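The values are calculated or read from the model by the stated rules, or taken from the named source; none is laboratory data. Note that the structure is a prediction, hence the values are computed from the model and not measured. When we count neighbours, we look across all protein chains shown, and the Cβ atoms used for this are built from the backbone with ideal geometry, even at glycine.
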């Protein structure tokens, strides 16, 4: 009884905040992740606990996203700092704009979870309710941004200095600092969509379809089990362990093999990886988005198209990471137009890229750097970003087919991810490791989008 | 001279005698010989059947000993050497695939032709021996990416490396296991470093933190100089045979090559603006006057030092500021003194310096400047009137008429008659709905600012002329002038005279200002002033009637003088304060001019006005507000704006309004009139201003148990790990208003307590206290 009352109060008004003990009632639950493994709210880990408290105070709730990230407190720290800064810190854009941009960006990937969160935030910031009716009710200035949101979500390589120029000219134009801020929010939320779908995060309890926890009844788990069985043989634990063994073996080989591939081979390998990703069928047919989301979407048919298949190969060359890198140009430009953001993002990228616990499933003391680098570069590869100094043969060597197709689906068509995909990739790895992969997906995707858009900004400025 | 190449350039390098230059980029690799007036291509290294990444260079270097040897760092991590003497078409000689990541820099030993050092993203530096065709030695940077390596030109065994984490390391070739010295040079990556060509203990580094730093490394590394740039620095290179000069180029945004004198870190000594995109390489041609630069805009330039732009010459050599006490600080370059001596026309200044020959001299390092600080003579006068007005003005709550009346009285009591008069006029104009368009009497008054202005422009011009001639005329009795004024019209015309005399007094004040300086034996300042006064003269000629805004330089001076005079506000009415005129010999001269003009304008103004009964006045009110603001009296402008609200038909520009509001608010806060500042914010109809007091409104409270400030949230204490204030009825935290009884200090949600007290007398906690709430 008390509980029921409690929840109604909570849903209706956020002013009454439960004390810390009752916070544990926010139990994360997901059909994809076994909830018993999720970091509990009253975790013993001091650091994680403090971060949760911080997140709770920032958002007036402990979002499921944050709780999932609780596996990796080091990353969570920089993530929270950045998100707090771009949404609520000092910046050129008004608060309601920030949340509305977040809504528009999330709508591109039909991520109702993020849309609903930011609808509430938008209203709390004093945003106009009519805007929430859809894109027809918002100021022209915000509408102008839509083109960029659309392109960045699916084919960031199409963004050019003309897009920036269009924004900064004419009536209700954008200042460069505002564009910068908007671009970062857009990239952030596109990447977040991938994470939300990739980890299968459920709506918050006060949202439609949201629930706090679901008892893991035996029948339910059996269901899961049988469904994955029917999909692809029997993923017994020995099977999974063998998979990890094989991967570690391959990583070892990689360090030992002395023979160097020729340059031509390297280039061919990049193209091979690029075109191979074509063959990975990415999920089923597109889901038709709900009407509640559709009102924030224009041109819904515009979607990811494989970089290797782009029409004008001549006009859009491969993006060379050596010619425009985040560390050099990207950071400097971002920091120049929107102070401190460069440092925060730099920190976040580095944490995500370098995060490791030297484990792989049950094995410890593993140097995972080559595996992590392969994932990172594979994501960049799908967006046509090429690292000259990387041997793309390693991608095929280290990433098995399921993992590749999972990575591709989550990155490019996050809305099509299913539980099967989640179960099938990286068998035998712990949930926390799968979340780790998703974090890298998030950051690599964000960096790719930012690299393209910052390059467009630089070209516009010169 | 320059040449255009088909692709962006990543790096350039010259050979030993700087007669040839190699240009390298992702899609270009060529050698040019430098002729007298052109670059002539000597060979193209990017040839062959398959042009792989080994032909795309991130960096290139020419062997300083052997003229036919080149080395390049490919983006894929290969180090490639090239032999120009090779008979075949392809000059590629050796390829080292030792590094796992991009190689950022290659560097030949300065005397040993066969030693080549490379630094890579993978955190290793490798020393190649070209005779053995293998790696001699590997230096580990502990997995930090190496951004630059350079052999020391003075020590055979020493080299330095710059890292992505901002560290600089010094290494000895004989000790490959550990660095000799290490220190943190930059926050964020260090992109480049360069050894000083002459001083063997100096090293320069630069990085993403937008600074170039010069280090002294003989014992403990010591920071000697820091140059702040506007963008991340991509490369630095010392200028040969100039101890203190260093050239730099930026990673983005800034396309110039800047040459700095490290002793003057704020403004480049010389800059070269030819490139249209960021510069990626600088090479001096063994000659301090010539250098080459390559850029992403696909061009290579040879720059002569005499073509440089000197940013220092374009900088304004005078700075001026006042503090709250009314003291005036003035700094000016001594160059102006020199200029004033030799050239009468200030416009000749740049030319004068040009002719001296910028190459030979480093004259700017000799530059010194003087700072003069004028203190206000009479501090007691202060700005009390401002505080008085601020506190006593009423801005809302009554009809416009009443407010104007009240404020007029306030202004009047403080001897600010002009302002008082303004309030009265406003009352006439805007008070009452039936306000019949003004009688001619008023018209003439309103017309006065324009009259005063034209007049002012006139007298100013004359003034300046006289000043230029250096003859200071001193006669004209002032009394006749005032008599004439008073006789002219009734009380309304006082406004006319006020405005005029206002202009006059302000002019005379500027005169005083320069006079004052002269008295301090600094007559060159007077000459310097001439330069600034050039502008007002022409302006006054061009648009005498409409645009009477004074150039901004003049304004601070005027402020200063306000305080020096005896009367607290010399602007208010010069006729009432003879002391100010008597005090200064110059003012009489101004009045003299004024007198000539006044009758004429008055005569004109009145008939003109009376012919236009349906009279649109709001733009004049606008002008008037602007006038006050220009005079530095934003108080009046803002107060009027607030009271009139949207009654004004032609509103003042949004931006201007905001400026005034901000200025007024700043003043108010300076005087700690927080309450009034808040009232102004609240009453403001300007959107940006009105939202001011909705920002950063946080005040941290302390925990009621441990007294630690609650920084994270007002209802949760980090130390006690407990909620600070819970409602004694519902036991939930109170986030908003906390109502409590002062007798027993129990309390809770206001609503809850109200409900409780309807039915109970005692405290809800059961402490037994009979609570009293008022």
Could you go through the range B:415-435 and let me know if any residue there is modelled with pLDDT of 80 or more and surrounded by fewer than 14 Cβ atoms within 10 Å (Cβ to Cβ).
no
Could you check the range B:104-127 and list, in sequence order, the residues that are over 39 Å from the mean Cα position of the chain (by Cα) and within 14 Å of chain A (Cβ to nearest Cβ)?
B:118, B:122, B:123, B:124
Go through (1) part of a helix (DSSP H, G or I); (2) more than 14 Å from chain B (Cβ to nearest Cβ) and name the single condition residue A:460 misses.
(2)
Going by the structure shown, is residue B:397 closer than 24 Å to residue B:677 by Cβ, at pLDDT below 80 and surrounded by fewer than 15 Cβ atoms within 10 Å (Cβ to Cβ)?
yes
Out of curiosity, is residue B:130 modelled with pLDDT of 90 or more and away from every other protein chain (no Cβ under 14 Å)?
no
Residues to consider are B:748, B:768; find the one that is touching a strand residue (DSSP E or B) at 6+ places or on another chain (Cβ under 9 Å), loosely packed, with under 13 Cβ neighbours inside 10 Å and either part of a strand (DSSP E or B) or more than 14 Å from chain A (Cβ to nearest Cβ) (or both).
B:768
Going by what's in this entry, would residue B:191 be described as surrounded by 15 or more Cβ atoms within 10 Å (Cβ to Cβ), in a strand (DSSP E or B) and within 14 Å of chain A (Cβ to nearest Cβ)?
yes
Any chance the range A:433-455 includes a residue that's buried (at least 23 other Cβ atoms within 10 Å of the Cβ) and not in a helix (DSSP H, G or I)?
no
Would you say residue B:208 is without any contact (Cβ under 8 Å) to a residue 60 or more places away in the chain and surrounded by fewer than 20 Cβ atoms within 10 Å (Cβ to Cβ)?
no
Is it the case, given these coordinates, that residue B:261 is surrounded by fewer than 24 Cβ atoms within 10 Å (Cβ to Cβ), in contact (Cβ under 8 Å) with a residue 24 or more places away in the chain, over 29 Å from the mean Cα position of the chain (by Cα) and at negative phi?
no
Is at least one residue of the range A:389-403 away from chain B (no Cβ under 14 Å) and under 26 Å from residue A:346 (Cα atoms)?
yes
I'd like to check something: does the range B:168-183 contain any residue that is within 14 Å of another protein chain (Cβ to nearest Cβ) and out of contact with any helix residue (DSSP H, G or I) (no Cβ under 7 Å at 6 or more places or on another chain)?
no
Could you check how many residues of the range B:114-164 are over 21 Å from residue B:11 (Cα atoms), in contact with a strand residue (DSSP E or B) (Cβ under 8 Å, 6 or more places away or on another chain) and in a loop (DSSP other than H, G, I, E, B)?
8
Here are the criteria: (1) in contact (Cβ under 8 Å) with a residue 12 or more places away in the chain; (2) farther than 21 Å from residue B:254 by Cα; (3) within 13 Å of chain B (Cβ to nearest Cβ). Tell me which single one residue A:324 does not satisfy.
(2)
Considering only residues that are buried (at least 17 other Cβ atoms within 10 Å of the Cβ) and under 20 Å from the mean Cα position of the chain (by Cα), look in the range B:219-249 and name the one that is farthest from the other protein chains (Cβ to nearest Cβ).
B:227
The range B:27-45: number of residues that are surrounded by 20 or more Cβ atoms within 10 Å (Cβ to Cβ) and within 14 Å of chain A (Cβ to nearest Cβ)
1
Quickly run through the range A:361-375 and pick out the residues that are within 22 Å of the chain's Cα centre (by Cα) and more than 13 Å from chain B (Cβ to nearest Cβ).
A:368, A:371, A:372, A:374, A:375
Selected residue (criterion: nearest to the other protein chains (Cβ to nearest Cβ)) from residues of the range B:46-68 that are in a strand (DSSP E or B) and either more than 21 Å from residue B:88 (Cβ to Cβ) or touching a helix residue (DSSP H, G or I) at 6+ places or on another chain (Cβ under 9 Å) (or both):
B:58
Within the range A:337-360, can you find the residues that are surrounded by fewer than 20 Cβ atoms within 10 Å (Cβ to Cβ) and within 14 Å of chain B (Cβ to nearest Cβ)?
A:339, A:340, A:343, A:347, A:350, A:353, A:354, A:356
3 or more residues out of contact with any helix residue (DSSP H, G or I) (no Cβ under 8 Å at 6 or more places or on another chain), surrounded by fewer than 22 Cβ atoms within 10 Å (Cβ to Cβ) and more than 14 Å from chain A (Cβ to nearest Cβ): qualifying strands (runs of 3 or more DSSP E) within the range B:272-320:
B:299-304
So which of B:3, B:81, B:75 ends up being in contact (Cβ under 8 Å) with a residue 12 or more places away in the chain, within 41 Å of the chain's Cα centre (by Cα) and more than 14 Å from chain A (Cβ to nearest Cβ)?
B:3
